[in-house]
Amino acid sequence: MRRNILITGASSGLGAEMARQFAAKGHDLALTARRTERLEALRDELTTSYPQVKVVIHSLDVTDHAQVFEVFRAVDAELPLDRIVVNAGLGKGAPLGTGRFDANRETALTNFVGALAQAEAALELFRARNAGHLVLIASISALRGFPKTVTTYAATKAGLASLGEGLRLELLGKPIKVSTIYPGYIRSEMNDRVKHTPFIVDTEPGVRAMVAAIEAEKAKAYVPARPWWPLAQVMRVAPLPLLKRLI
């Protein structure tokens with residue numbers, strides 16, 4: 001059992017719900033985010049519901065790369081980490097060429113460069129003990145290019161997925177495991193204002209599928225499996241007119 005788990009971006013949405021579900025399974029947790037007041041409330045909720053579970057919190061902005069290394073090392077000294085879930089991310093974006101480079105740049109720096117820093121810091125710890133489980137939260141949008149406001153977001157998640165595959169290739173047959181999770185449309189604060197989202201599921205069952213895939217240490221998982229595993233196979237090969245209808 002991977003006893004001790006660090007989750008970044010844990011103050012809300014999928015990260016907070018993962019914390020709830022991992023705590024229910026008896027895991028000790030380290031939770032990070034920029035919004036510490038939300039982390040404090042979540043810690044109090046979890047320790048009240050599960051008194052046997054240890055929960056530590058740390059403020060972390062994943063675009064502060066030096067801080068990423070400092071926080072990961074500090075957490076590991078306090079709670080030796082068996083699994084690190086790279087979850088922190090942004091959903092900002094605008095069609096390219098419409099004057100919102102600032103939003104696209106912020107998403108790229110957070111979702112890919114910030115995730116790269118987290119992966120570096122995690123692997124530093126895991127290589128030292130030759131054990132550990134790195135989990136990268138990508139997106140079903142990583143499979144193909146997406147249009148308009150999602151173009152940059154999808155590109156960052158595709159980069160993250162490629163990063164995971166490169167690490168799995170490097171670490172093949174070794175005790176350090178790497179999982180890439182591709183959530184489909186799961187209700188969260190990031191998308192709660194988006195209307196007419198196809199196949200969307202509520203946060204709790206959606207995250208339950210994510211947690212099951214993580215606990216199984218699957219190399220890649222499209223979650224929830226229905227409908228996203230079969231849809232992923234179609235999305236990979238669909239011509240652009242059909243892809244546009246699917247997404």
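The values are calculated or read from the model by the stated rules, or taken from the named source; none is laboratory data. These figures come from a predicted structure and were not determined experimentally. Neighbour counts are summed over all protein chains in view; Cβ atoms, including those assigned to glycine, are modelled from backbone coordinates with ideal geometry. Side chains are part of the model used for accessible areas, which takes the heavy atoms of the whole protein and leaves out ligands, DNA and RNA. Shrake-Rupley method; radii C 1.70, N 1.55, O 1.52, S 1.80 Å.
Would you check which residues across region 69-102 are aliphatic (A, V, I, L, M), surrounded by 16 or more Cβ atoms within 10 Å (Cβ to Cβ) and touching a strand residue (DSSP E or B) at 6+ places or on another chain (Cβ under 9 Å) and list them? Matches in region 69-102: Val71, Val75, Leu79, Leu81, Ile84, Val85, Val86, Ala88.
Got a sec? Which of Val207, Val234 is of a type in the set (A, V, I, L, M, F, W, C) and touching a strand residue (DSSP E or B) at 6+ places or on another chain (Cβ under 8 Å)? Working first, answer last.
Values: Val234 fails: touching a strand residue (DSSP E or B) at 6+ places or on another chain (Cβ under 8 Å).
None of the other options fit; the residue is Val207.
May I ask you to list the residues in region 142-158 that are touching a residue at least 40 places away in the same chain (Cβ under 8 Å) and either buried (at least 22 other Cβ atoms within 10 Å of the Cβ) or small (Gly, Ala, Ser) (or both)? Across region 142-158, the qualifying residues are Ala142, Leu143, Phe146, Thr152, Tyr153, Ala155, Thr156, Lys157.
Go through Arg73, Arg83, Arg43, Arg35 for me and flag whichever is modelled with pLDDT under 95 and of a type outside the set (S, T, N, Q). Steps first, please.
Numbers: Arg73 fails: modelled with pLDDT under 95; Arg83 fails: modelled with pLDDT under 95; Arg43 fails: modelled with pLDDT under 95.
Only one candidate passes the filter, namely Arg35.
Identification of strands (runs of 3 or more DSSP E) wholly contained in region 1-115 with 3 or more residues that are over 21 Å from Ala131 (Cβ atoms) and in contact (Cβ under 8 Å) with a residue 40 or more places away in the chain yields no element. Within the bounds of region 101-108, is there any residue that is more than 19 Å from Glu17 (Cβ to Cβ), touching a Ser or Thr at 6+ places or on another chain (Cβ under 6 Å), of a type in the set (Ser, Thr, Tyr) and modelled with pLDDT of 95 or more? Yes, that holds for at least one residue.
Sort out which residues of region 32-68 are touching a Gly at 6+ places or on another chain (Cβ under 8 Å), closer than 18 Å to Ala119 by Cα and open to solvent by less than 20 Å² (accessible area, probe 1.4 Å), and write them in order of number. If the condition is that a residue be touching a Gly at 6+ places or on another chain (Cβ under 8 Å), closer than 18 Å to Ala119 by Cα and open to solvent by less than 20 Å² (accessible area, probe 1.4 Å), then Thr32, Ala33, Val62, Val68 are the ones that fit.
Among the residues making up region 216-235, a single one is within 11 Å of Ile140 (Cα to Cα) and either touching a Lys or Arg at 6+ places or on another chain (Cβ under 7 Å) or of a type in the set (Asp, Glu) (or both): Met235. Quick check on region 167-174. Is at least one of its residues assigned to a loop (DSSP other than H, G, I, E, B) and among the small types (Gly, Ala, Ser)? Yes: region 167-174 contains one or more residues that are assigned to a loop (DSSP other than H, G, I, E, B) and among the small types (Gly, Ala, Ser).
Kindly indicate the residue of region 122-133 that is out of contact with any Phe, Trp or Tyr (no Cβ under 7 Å at 6 or more places or on another chain) and outside any helix (DSSP H, G or I) and also most open to solvent (accessible area, probe 1.4 Å) among those meeting that condition. Once the filter is applied, the top-ranked residue is Asn130. Just the residues that are open to solvent by 80 Å² or more (accessible area, probe 1.4 Å), modelled with pLDDT of 95 or more and assigned to a helix (DSSP H, G or I), please, taken from region 202-228. The answer is Glu204, Arg208. Tell me, please, whether a residue that is at pLDDT below 95, of a type in the set (Phe, Trp, Tyr) and open to solvent by less than 60 Å² (accessible area, probe 1.4 Å) can be found in region 184-197. Checking region 184-197: at least one residue is at pLDDT below 95, of a type in the set (Phe, Trp, Tyr) and open to solvent by less than 60 Å² (accessible area, probe 1.4 Å).
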